[in-house]
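The values are calculated or read from the model by the stated rules, or taken from the named source; none is laboratory data. Nothing here was measured: the structure is a model prediction, and the numbers come from that model. Ideal geometry is used to build each Cβ from the backbone, glycine not excepted, and the neighbour counts take in all protein chains shown. Accessible surface is based on the protein model in full, side chains and every heavy atom, while ligands, DNA and RNA are left aside. Shrake-Rupley method; radii C 1.70, N 1.55, O 1.52, S 1.80 Å.
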Amino acid sequence: MMNLLAILISSMLVNNIVLMQFLGLCSFFGVSTKMKSVVGMGLAVIVVIFLSALITFPLYNLVLVPLEIAYIDTIAFILVIASLVQLTELVIKRFSQSLYKALGVYLPLIATNCAVLGVALTNIATPQSYPEALMFALGSGLGYALIIITFTAIRLRLDTANTPKALKGLPIAFVTASLMAMAFMGLAGII
Amino acid sequence: MELLILILVLGGFITLYILTMKLNEKVAVPESCKAAYLEAQSCESCGSKGDKETKGSCGFSNTLEFLKEVKL
């Protein structure tokens, strides 16, 4: 139990998928302009990363490895994740309009998010059990949501600040992200 | 034999993707969500896009147009 908790905290804070592994940066910089969008995007990423880990881990160990075609893992995962996103969007669209409005509208943007593929590939590259892989995926999703929400809050404040003209927009966003990454490096010793 | 398995498995994944994509296309976006959907997918929602002064670079054709206007 403590092991699972350690994996959750480690993947969420210590080995954060955005700031430490530099995955999902496109949506990280692209969407972080409105708080409403970011919350929806964060929730959608948590759901998709968790669901993809739920499927890709057994798919690799029970199908690709026994058939000796494990080398197609990347292309197989891309197709599975893209299908999963389509299926999730379809189900949410069909059965819950409020949920669709909150997070479903961001699902097409997640289909190409490398953070989702990165977590699926990391899960099979590290020797771990199924619950551990799921906990890693959940922690990574939560870490992504935490970072993107924090980053958006800082970015919104910077919009009203007296920033030099040359740094306005993306340049100051990159500086902010690098400072956040350095701050998160301070958490390296907690696990 | 291995090649056949590979083709079958990959074919299966590709079929699965096409099937889910077609099914998803058939279900229309609910009327009440259309505005939110269009807002999320629009160019203006992207923070990587340039500001009003630089006109941004949303999409390949827009980027080309933007580059034509840049004078060094």
### Shielding of A:104-117 by partner chains, average beta-carbon count, 10 Å
2
## Note on the structure
Under the Karplus relation with 6.51, -1.76 and 1.60 and θ = phi - 60°, whole-Hz ³J(HN,Hα) for the stretch A:152-166, x at Gly and Pro, equal 5, 4, 5, 5, 5, 5, 5, 4, 8, 7, 8, 7, x, 4, 5
### Task
Go ahead and run the numbers for FRET between B:VAL27 and A:ILE75, Cβ-Cβ distance against an R0 of 25 Å, rounding to 0.05.
0.40
## Note on the structure
For the protein assembly as shown, the dipole about the Cα centre with charges only on Cβ (Lys and Arg +1, Asp and Glu -1), to the nearest 20 debye, works out at 860 debye
### Message
Just to be sure I understand: if you take the accessible area of chain A alone plus chain B alone and subtract the pair, with a 1.4 Å probe, what total do you get in Å², rounded to 100?
### Response
2700 Å²
### Message
Please compare each pair in A:LYS34/A:LYS165; A:LYS101/B:LYS26; A:LYS36/B:LYS26; A:LYS36/B:LYS68; A:LYS168/B:LYS34 to a cut-off of 30 Å on the Cα-Cα distance and tell me which ones are over it.
### Response
A:LYS36/B:LYS68; A:LYS168/B:LYS34
### Task
Using a 1.4 angstrom probe, figure out how much accessible area chain A has per residue, in square angstrom, rounded to the nearest whole.
47 Å²
### Message
Please compute, for peptide A:82-92, the average count of beta-carbon atoms on other protein chains lying within 10 Å of each residue's beta-carbon.
### Response
5
### Task
Return the FRET efficiency for the residue pair A:ALA153, A:PHE22: r is the Cβ-Cβ distance, R0 is 25 Å, and the value is rounded to the nearest 0.05.
0.75
### Query
Using the per-residue mean of other Cβ atoms lying within 10 Å as a proxy for protection, in what order, highest first, do the peptides A:121-128, A:81-88 fall?
A:81-88, A:121-128
### Task
Note the full-extension length gain between B:GLU39 and B:LEU4 as 0.36 nm times their separation in residues minus their Cα-Cα distance, in nm to one decimal.
8.1 nm
### Message
Report the rotationally averaged projected area of chain A based on its alpha-carbon convex hull, in square nanometres.
### Response
12.1 nm²
### Query
Dipole of the stretch A:35-144 (Lys/Arg Cβ +1, Asp/Glu Cβ -1, origin at the Cα centre): which of A:THR112, A:LEU67, A:LEU79 lies farthest to the positive side?
A:THR112
## Note on the structure
Expressed as a whole number, the average count of other chain Cβ atoms within 10 Å around the Cβ atoms of B:2-8 is 2
### Task
Using a 1.4 angstrom probe on heavy atoms only, work out the carbon and sulfur share of the accessible area of chain A in %.
73 percent
### Message
Spelling out what I want: for every residue of the stretch A:54-67, take phi, set θ = phi - 60°, compute 6.51 cos²θ - 1.76 cosθ + 1.60 (Karplus), and round to whole Hz; glycine and proline get x.
### Response
4, 9, 5, 4, x, 4, 5, 6, 9, 10, 5, 5, x, 7
